[in-house]
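A short write-up of the structure that comes next.
Only the coordinates and a few stated rules stand behind these numbers; no lab work does. Just so we're clear, the structure is a prediction, and the values are computed from it rather than from any experiment. A quick note on method: Cβ atoms are made from the backbone with ideal geometry, for glycine too, and the neighbour counts reach across all protein chains shown.
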Amino acid sequence: MMRSLRYILLLTGFFVLQQVRAQNETRRDSVIQLFGVVMTSDSLRAVPAASVIVMGKGRGTITNNDGVFSIVVLKGDHILFSSIGFKDKSIFIPRDLTETQYSVIQLLVSDTNYLPATILKPRPTREQFERDFANTRVPDDMYETARQNTDQAKLRALMATLPQDGREAVNYQLRQDANKYYYAGQIPPQNIFNPFAWAEFIKAWKRGDFKNKSSGN
């Protein structure tokens, strides 16, 4: 009884293995390399960034700048081509293909979109137009924004009013400790003999930094 049961199990496993192998071979034979180009139907221009989707499979690709694409599909797959401004187009991969490659030249037809009508009305009076025109705020461009962000007076005002955060305080303390350790065992240089320090002092005096500090205290 045990021998016959074991024989039946082995025979069943053999048939299942053969069936799985046959399915894998059939699936391998169904693999097709689909490639081609997507173009406009009226002027035969390439359609870049067009979507090439395998329906129901959740995968696809897009065309390059020349409208060329390449994707692996299976026989019988439903392929959808779509792009903004064009009507969708779909094709089926033939099931009776004998080769492993299939090329297409897909033409897309322009799709016309009709937008709702827009009515432009002028201001009721000239005075209202001048008031609205004068009060309209024009946003700053990148150059003006960069100029404001690098304005020295604005930066000094921010430095005088904004407190230091934890990182700045730690970095300042580390720099102070590094300077102290650098001159350990010797007399540190005096800034009174440093011409760069005198230059910074003169600049700060001309800016009025010391006057602002004294008036704030």
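Express in nm, to one decimal, how much length is gained between Ser90 and Glu130 on full extension, taking 0.36 nm for each residue of separation and deducting their alpha carbon distance.
Result: 8.8 nm gained on full extension.
Where in the stretch 176-191 is the amide nitrogen less than 19 Å from a point lying 7 Å along the Cα-to-Cβ axis of Phe201?
Counting only backbone N, you get 188-191.
Rg to Rh for the stretch 102-217: what is it, with Cα atoms only and Rh by Kirkwood?
1.35
Apply 1/(1 + (r/R0)^6) to the Cβ-Cβ distance of Asp42 and Lys121, taking R0 = 41 Å, and write down the FRET efficiency to the nearest 0.05.
The value I calculate is 0.65.
Can you give the charge dipole size of the stretch 126-210 about its Cα centre, rounded to the nearest 20 debye, using +1 on the beta carbon of Lys and Arg and -1 on the beta carbon of Asp and Glu?
That gives the stretch 126-210 a dipole magnitude of about 360 debye.
Where a Cα-Cα gap under 16 Å defines reach, which aspartates and glutamates qualify for Lys206, not counting those fewer than 8 residues away within the same chain?
Answer for Lys206, where 16 Å is the Cα cut-off: none of the aspartates and glutamates qualify.
Just add up the charged neighbours of Tyr102: K/R +1, D/E -1, any other residue whose Cβ is under 12 Å from the Cβ of Tyr102.
Net of charged neighbours comes to -1.
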